[in-house]
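I have placed the structure first, in the form of C-alpha cells, so that the comments after it can refer back to it.
The values are calculated or read from the model by the stated rules, or taken from the named source; none is laboratory data. All values derive from a computational prediction rather than experimental measurement. Cβ placement follows ideal geometry from the backbone for every residue including glycine, while neighbour counts extend to all protein chains displayed.
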Amino acid sequence: MKQVHQLDAIDRRIVTALQRDGALTHADLAEEVGASAASCWRRIKALEAAGVLIGTVRLVDPDRVGRGVNVLCSVRMRSHAPADRAAFEDFARAAPEILECFSMSGDWDYLLRIVVADVGDYERFLMRSLLGHPAVLTASSHFALGLIKYSTAIPV
C-alpha cells in the first residue's frame, strides 16, 4: 500500500490550483495561494519528489479531434493466469483508444473507458483488437449518451 503524504493548507491550495490550471506561473500561483513564488517552487518540487504531483498535461476536447464517443466496456477474461492478465494489461496500456482500464471485483474482470469516432470505429476496435486478444472471453459495451460531469481533479 502506498504511503499517504500529509499536505498542509498551502500544499492543498497549490495542488487544487494546479489541478485546475497546470500552466499557472509560479508568480500567479503564489498570489492565488498566499505564498511567495520561491516557496511555491520549493513546495511543487517537494510534492513532485513525494509522488503527489505526477505529471503536467493539457486536456483535449474529444469532440474537437473527432473522438467524441465514449464507450464503457466490461471485459471477462478467458484465463486468470498471471501471464494472461499481464498480456491483457500490456494490450490495454498500448491501445490509444483505451483511456482508462480498471481491474474489477465482481462478475467482470476489467472495466475500460474507450474513446472512438463513431459506432463503426468502435465495432472495428472491438472485433479486430479487443475480442481478438487471446485472453479475452467476452465483452459488454455501454455507449455514453451524454457527459454530465468530467473532472480530473482529486479532492484534497
I'd like to know if region 26-39 contains one or more residues that are more than 30 Å from GLN6 (Cα to Cα) and touching a residue at least 24 places away in the same chain (Cβ under 8 Å).
no
Region 101-156, subset under 30 Å from PRO82 (Cβ atoms) and of a type in the set (S, T, N, Q), residue farthest from the chain's Cα centre (by Cα):
THR138
With respect to the numbered conditions (1) part of a helix (DSSP H, G or I); (2) closer than 30 Å to LEU18 by Cα, which one is the sole condition not fulfilled by GLY120?
(2)
Which residue pairs have Cβ atoms under 7 Å apart, sit 6 or more places apart or on different chains, and have a first residue in region 72-94 that is modelled with pLDDT of 95 or more and a second that is surrounded by 14 or more Cβ atoms within 10 Å (Cβ to Cβ) and aromatic (Phe, Trp, Tyr)?
SER74/TRP108; VAL75/TRP108; VAL75/TYR110; ARG76/TRP108; MET77/PHE88
So in region 123-156, with the set limited to residues that are in contact with a strand residue (DSSP E or B) (Cβ under 8 Å, 6 or more places away or on another chain) and in a loop (DSSP other than H, G, I, E, B), which one is nearest to MET77 (Cα to Cα)?
ALA135
